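> Just passing along the structure, written as structure tokens.
The values are calculated or read from the model by the stated rules, or taken from the named source; none is laboratory data. Computed from a predicted structure; not experimentally measured. As a convention, Cβ positions derive from the backbone with ideal geometry for all residues, glycine included, and neighbour counts pool all protein chains shown.
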Amino acid sequence: MTMPVAILVGGLAMRLRPLTEDIPKALIPINGKPFIAHQLELLKSKDFQDVVICAWYKGEQIEEFAGNGSRFGLNIHYSYDGPEPLGTGGAVRKALPLLGEAFFVLYGDSYLPIDYSKVETAFHESGKDALMTVYRNRDEGDSSNVHFENGRILVYSKVDRSKHMQHIDYGLGAFKSSALEPFPAAQKHDCWKGCRKFQADTAAWLLPHGLQSEWMHCDPNILKYFLVSINLNQNRNKNGR
């Protein structure tokens with residue numbers, strides 16, 4: 001994999017309280033080890049080399065755990081929002097000096113065992129400033145928020161939803177630094193809403209229907225909500241798709 005990946009782990013994870021009162025969401029133990037350990041091991045298995053962790057809430061605990069990434073076979077660097085959270089876009093904008101001209105952005109609660117090289121190839125071939133991975137969930141597991149047709153994102157909104165929205169953004173994107181450079185480094189904004197001329201400059205990559213996530217077993221009495229990728233997969237598997 002030639003592009004680095006930024007992992008967004010700065011959120012307060014209020015929906016997971018009280019689990020996240022003392023630790024960040026990335027360090028919640030899943031199957032015997034912190035969730036971010038599963039992410040990093042997966043990224044290594046997919047031939048990633050460079051990772052930038054964008055942190056805010058209790059980010060020092062994540063750095064203490066993952067260190068420089070050597071035990072995962074990765075090179076890990078850290079970018080901290082500062083006194084106040086910068087949102088997904090602001091966090092990535094601040095990390096641009098560590099990310100270079102093109103990079104992936106992965107949500108801190110997404111586990112995607114997919115072929116990342118295909119996503120990277122699709123991104124470069126699109127010629128667009130950004131690429132969003134989407135999955136056709138049809139409101140299963142979480143509300144659909146993407147109107148996707150013929151390889152194009154026509155509308156993306158978590159607020160103004162319509163019957164045409166059958167897909168959901170799936171926690172992985174690819175960006176050129178030029179998509180975020182116009183924004184001040186200390187300004188809070190959303191990663192996708194901040195991408196200039198979003199519809200015109202954004203391509204899409206449809207995740208395969210055979211995606212599996214059987215590695216994880218959560219105690220429903222402890223975990224208050226399923227991580228998006230796991231939740232959608234379990235619903236799909238349950239329904240035989």
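> Go through the residues of region 97-113 one by one and say whether even a single one is of a type in the set (Gly, Ala, Ser), more than 28 Å from residue 186 (Cβ to Cβ), at pLDDT 90 or above and in contact with a Phe, Trp or Tyr (Cβ under 9 Å, 6 or more places away or on another chain). Quick ask: steps written out before the conclusion?
First, the residues of region 97-113 that are of a type in the set (Gly, Ala, Ser): 100, 102, 108, 110.
Restricting the remaining residues to those that are more than 28 Å from residue 186 (Cβ to Cβ) gives none.
Looking for residues that are of a type in the set (Gly, Ala, Ser), more than 28 Å from residue 186 (Cβ to Cβ), at pLDDT 90 or above and in contact with a Phe, Trp or Tyr (Cβ under 9 Å, 6 or more places away or on another chain), one finds none in region 97-113, hence no.
> Here is a follow-up. Looking at this structure, is residue 155 within 12 Å of the chain's Cα centre (by Cα) and surrounded by 13 or more Cβ atoms within 10 Å (Cβ to Cβ)?
Against the criterion (within 12 Å of the chain's Cα centre (by Cα) and surrounded by 13 or more Cβ atoms within 10 Å (Cβ to Cβ)), residue 155 does not qualify.
> Also, I was wondering about something else. So, of the residues in region 124-138 that are over 16 Å from the mean Cα position of the chain (by Cα) and either closer than 20 Å to residue 8 by Cβ or not acidic (Asp, Glu) (or both), which turns out to be surrounded by the most Cβ atoms within 10 Å (Cβ to Cβ)? First the steps, then the outcome.
Our first condition is that a residue be over 16 Å from the mean Cα position of the chain (by Cα); within region 124-138, this holds for 124-129, 136-138.
Going one step further and asking which of them are either closer than 20 Å to residue 8 by Cβ or not acidic (Asp, Glu) (or both), we end up with 124, 126-129, 136-138.
Working: 124: 15, 126: 17, 127: 9, 128: 21, 129: 22, 136: 17, 137: 24, 138: 11.
Across region 124-138, the extreme among qualifying residues is 137.
> When you go through (1) more than 23 Å from residue 13 (Cβ to Cβ); (2) touching a helix residue (DSSP H, G or I) at 6+ places or on another chain (Cβ under 6 Å) one by one for residue 141, which number turns out not to apply?
(1)
> Can you name every residue in region 24-81 that is among the polar types (S, T, N, Q) and assigned to a loop (DSSP other than H, G, I, E, B)? Can you show your working first?
From region 24-81, those among the polar types (S, T, N, Q) are 31, 39, 45, 49, 61, 68, 70, 75, 79; that's our starting set.
Selection gives 31, 49, 68.
> From the set of residues in region 1-33 that are at pLDDT below 90 and among the small types (Gly, Ala, Ser), which is surrounded by the fewest Cβ atoms within 10 Å (Cβ to Cβ)?
32
> Moving to a separate point now. Any residue at all in region 56-72 that is surrounded by 19 or more Cβ atoms within 10 Å (Cβ to Cβ), of a type outside the set (S, T, N, Q), within 16 Å of the chain's Cα centre (by Cα) and closer than 23 Å to residue 120 by Cβ?
Scanning region 56-72 turns up no residue that is surrounded by 19 or more Cβ atoms within 10 Å (Cβ to Cβ), of a type outside the set (S, T, N, Q), within 16 Å of the chain's Cα centre (by Cα) and closer than 23 Å to residue 120 by Cβ.
> Now, a different point. Of the numbered conditions (1) surrounded by fewer than 18 Cβ atoms within 10 Å (Cβ to Cβ); (2) at pLDDT 95 or above, residue 48 fails exactly one; give the number of that condition.
Only one criterion in (1) surrounded by fewer than 18 Cβ atoms within 10 Å (Cβ to Cβ); (2) at pLDDT 95 or above is unmet by residue 48, namely (1).
> Follow-up question, since we're still on this one. For region 57-81, enumerate the residues that are within 20 Å of residue 20 (Cβ to Cβ) and among the small types (Gly, Ala, Ser). Outline the logic, then answer.
Looking only at region 57-81, we keep the residues that are within 20 Å of residue 20 (Cβ to Cβ), and these are 57-66, 78, 80-81.
Of everything in region 57-81, those that are within 20 Å of residue 20 (Cβ to Cβ) and among the small types (Gly, Ala, Ser) turn out to be 59, 66.
> Still on this model: Condition first: part of a loop (DSSP other than H, G, I, E, B), buried (at least 18 other Cβ atoms within 10 Å of the Cβ) and not acidic (Asp, Glu). Can you find one or more residues in region 95-104 that meet it? Write out each step before concluding.
Of the residues in region 95-104, the ones part of a loop (DSSP other than H, G, I, E, B) are 100-101.
Add one more test, that the residue is buried (at least 18 other Cβ atoms within 10 Å of the Cβ), and what stays is none.
No, every residue in region 95-104 fails to be part of a loop (DSSP other than H, G, I, E, B), buried (at least 18 other Cβ atoms within 10 Å of the Cβ) and not acidic (Asp, Glu).
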